[in-house]
Amino acid sequence: MPAEVIAAMAEFLLAVAGFVLATVALGLVRVLRGPADADRMMAPQLLGTGGIAALLLLGAATGMPGAIDVALTLTLLAAFASVAFVKGASEPADSDPNEGGGG
Amino acid sequence: MTFALAVDCGLVVLVLGMAIWTIAARTTFPAVAGFVAYGLLLTLVWMRLAAPDVALTEAAIGGGLTGVLLLGATSRLRATAQSAAAERPSAPFRLIVAGLCTLISAAIAAVVLLLPDPAPTLAPEAGAKLSLTGVGNAVTAVLLAYRALDTLLESAVLLLALVGVWSLAPDRFWGGAPRSLALRYRDGSLSLLGQVLPPIGIVLGVYIVWVGADAPGGKFQGATIIAAMWVLTMMAGLQNPPELGRAWVRLILVAGAAFFLAAGIAGFWLAGAFLAYPPGFAKPLIVAIEAALTLSVAATLGLLVAGPSARPVRT
Amino acid sequence: MSLILDAFTVVAVSLGAVFFLAGAVGLLRFPDTLTRLHALTKADNVGLGLVVLGLLPQAERPLAAVKLVVAWLLVQLASGTVSQLIARAARRAGPSA
Amino acid sequence: MSGTTLFGLCAAVLVGLGLYGVIVHPQVLRRVVAFNLLGAGAFLLFGVVARRGAEAGMGGDPVPQALVITGIVVAFSATALAVGLLLRLRAVRAAEDADR
């Protein structure tokens, strides 16, 4: 493949990565504003899909080693964080036996 | 490279936006949500800085595990959150602090702009001896060969932090199990996720440890993924945190540091110095130490999330 | 041959980007939590799928291509179950949420 | 301006922001969050220094990168300890209030 085609492809992938990142930014603003906690739980999921799309595009554009491994890790941990969000938001304030009531 | 710079600019704007949101949000839950997003975004920044090893660590710990820890604390502290809101410092005080913090930022920014050119670097030195260690990833070589003492001390620090957390338990609970991490209500999809995701995650974690010798990865990153999967099964209610006084728990926790230390002391006889690896055996030794440390670090991180004992020992 | 593959990459990745845009617009415009969740999952998963599909011809080694597909499958699994969880949490919080 | 310098300036702002949060926030948990924010900014400075030292076929100087990996893990364990202390402090206070 001629060098300029490779360079053009890299530029294109970078541009799309930037575009996807921009849509993630838009979504993040909306999601974090709420109003419900359930809206905010979408934040890690949004980054789990949009973030890894941007990451994979960046990795393909610049030939970074390990980009896919980082993307896989990001996916797993984003799912993990989402579960913690659901758990954190859907539980009433503490009711631990050794901690007598709320402060 | 104009597109690359545009992507960098966009990333910086996003990261700064999340940081401002995290500091400025009125209640704690949205702030922590912003912090998790901030951690996941920093992963992309680290990739742009050509540091995939750090990106893996940030994705696993910065966004994932720290976020889960803070979220757990948030839900438990909800009741106190309102009463403390009244004690907000006065506007003049905040203004003065803002001014001082701006000065500090400006000073650091000036340092960044005045960094020497060409930049000092240890990369050639790190690369020159790489073949002697038998390891292909320079970051792993730094962590486990050139500066192995730091890594040994780090695994000790992790244990110390865990001892610190454990010592916060009331006396009557010592050696008992931490409070359950499970969701209060049964949820079928969470059970499914808790059963399907951990096997994949553990394979990925072991893979990250394994390729760490020659490619981006390493024991801390892999161990964090494994720890996260363990905590996930506990959150899904599929298992409860173990009793902290059990011998096998203690054994797993210290195994990594103990093996590392033993290999280090053996270095006195075999290679003439503490933590020196005998020639030709550097790679197998590094892999063996990584394997032992992975198990211990994963257990330590998981138990740090689980917290101190919260119930008496079952007899 | 490589020109056809490159064209395929450009088309698929661009289509994926369109879906990401649709997802963001849905998040911004839809009135309540459940519909916003719908926008997030549908658009993003198809979007990511198309991006992965487009990047497959660019993968240097077969293992990289396999890992790309695995990443997408993992996202499918995680986002499918996590959306269920979020939707149920939203319903438990009340109809107004 | 290069992207690396841009990230350096971003790190400088993050340190300032984090410090402001640590000093000003009335809730201790928010201070812990702000402290983590500050820490991430400091790590990013290391990353910029490492990236500028790219040589010998490596994307960056591996020594600061290794330091940052150690730092992130230690910061997590410190955060876990802080959160543990915070929860314990609240439990003790609640018990005192109940006694009174």
Go through (1) at pLDDT 80 or above; (2) over 18 Å from the mean Cα position of the chain (by Cα); (3) within 8 Å of chain B (Cβ to nearest Cβ) and name the single condition residue A:64 misses. (1)
Among the residues of region C:22-42, is there at least one that is aliphatic (A, V, I, L, M), closer than 18 Å to residue A:61 by Cβ and modelled with pLDDT of 80 or more? no
State whether one or more residues within region A:35-52 are outside any helix (DSSP H, G or I), modelled with pLDDT under 85, within 7 Å of another protein chain (Cβ to nearest Cβ) and under 24 Å from residue C:82 (Cβ atoms). yes
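Out of B:264, B:201, which single residue is closer than 22 Å to residue C:75 by Cβ and either in contact with a Phe, Trp or Tyr (Cβ under 9 Å, 6 or more places away or on another chain) or of a type in the set (D, E, K, R) (or both)?
Checking each option against the conditions leaves just B:201.
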Would a scan of region B:91-110 turn up a residue that is outside any helix (DSSP H, G or I) and modelled with pLDDT under 85? no
Matching option when the condition is closer than 20 Å to residue A:20 by Cβ and either within 16 Å of the chain's Cα centre (by Cα) or exposed (fewer than 15 other Cβ atoms within 10 Å of the Cβ) (or both), among C:80, C:26: C:26
Would you check if residue B:276 is among the small types (Gly, Ala, Ser), buried (at least 16 other Cβ atoms within 10 Å of the Cβ) and away from chain D (no Cβ under 14 Å)? yes
Being hydroxyl-bearing (Ser, Thr, Tyr) and without any contact (Cβ under 8 Å) to a residue 40 or more places away in the chain is the filter; apply it to region B:177-196 and report the residue that is surrounded by the most Cβ atoms within 10 Å (Cβ to Cβ). B:189
Residues located in region A:1-34, provided they are surrounded by fewer than 24 Cβ atoms within 10 Å (Cβ to Cβ), part of a helix (DSSP H, G or I) and of a type in the set (Gly, Ala, Ser): A:3, A:7, A:8, A:10, A:15, A:18, A:22, A:25
Hey, residue D:52 hits all of (1) among the charged types (D, E, K, R); (2) in contact (Cβ under 8 Å) with a residue 24 or more places away in the chain; (3) within 22 Å of residue B:18 (Cβ to Cβ) but one; which does it fall short on? (3)
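Being more than 7 Å from chain B (Cβ to nearest Cβ) and in a helix (DSSP H, G or I) is true for just one of A:72, A:57. Which residue is that?
A:57
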Conditions (1) under 22 Å from residue A:15 (Cβ atoms); (2) facing chain D (nearest Cβ under 10 Å); (3) surrounded by 24 or more Cβ atoms within 10 Å (Cβ to Cβ): number failed by residue B:43: (2)
Filter region B:245-280 down to residues that are closer than 19 Å to residue B:221 by Cα and not hydrophobic (A, V, I, L, M, F, W, C), then give me how many there are. 1
Among the residues of region B:48-56, are any over 18 Å from the mean Cα position of the chain (by Cα), modelled with pLDDT of 85 or more and not hydroxyl-bearing (Ser, Thr, Tyr)? yes
Can you tell me which residue among D:83, D:92, D:24 is within 7 Å of chain B (Cβ to nearest Cβ) and either surrounded by fewer than 20 Cβ atoms within 10 Å (Cβ to Cβ) or over 16 Å from the mean Cα position of the chain (by Cα) (or both)? D:24
Residue check, residue B:283 against (1) surrounded by 17 or more Cβ atoms within 10 Å (Cβ to Cβ); (2) over 22 Å from the mean Cα position of the chain (by Cα); (3) closer than 24 Å to residue B:220 by Cα, all met but one. Which one? (1)
State the number of residues belonging to region C:35-62 that are within 9 Å of another protein chain (Cβ to nearest Cβ) and surrounded by fewer than 16 Cβ atoms within 10 Å (Cβ to Cβ). 1
For the condition over 21 Å from residue B:52 (Cβ atoms) and assigned to a helix (DSSP H, G or I), what is the one hit in B:32, B:7, B:15? B:32
Restricting attention to region B:197-240, which residues are buried (at least 23 other Cβ atoms within 10 Å of the Cβ) and either in contact with a strand residue (DSSP E or B) (Cβ under 6 Å, 6 or more places away or on another chain) or not in a helix (DSSP H, G or I) (or both)? B:212, B:216, B:217, B:218, B:236
All but one of (1) modelled with pLDDT under 75; (2) more than 19 Å from the chain's Cα centre (by Cα); (3) in a helix (DSSP H, G or I); (4) more than 7 Å from chain B (Cβ to nearest Cβ) hold for residue A:92, so report the exception by its number. (3)
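The values are calculated or read from the model by the stated rules, or taken from the named source; none is laboratory data. In this text the structure is predicted, and so the values were computed from the model without any measurement. Positions of Cβ are backbone-derived with ideal geometry, glycine not excepted, and every protein chain shown enters the neighbour counts.
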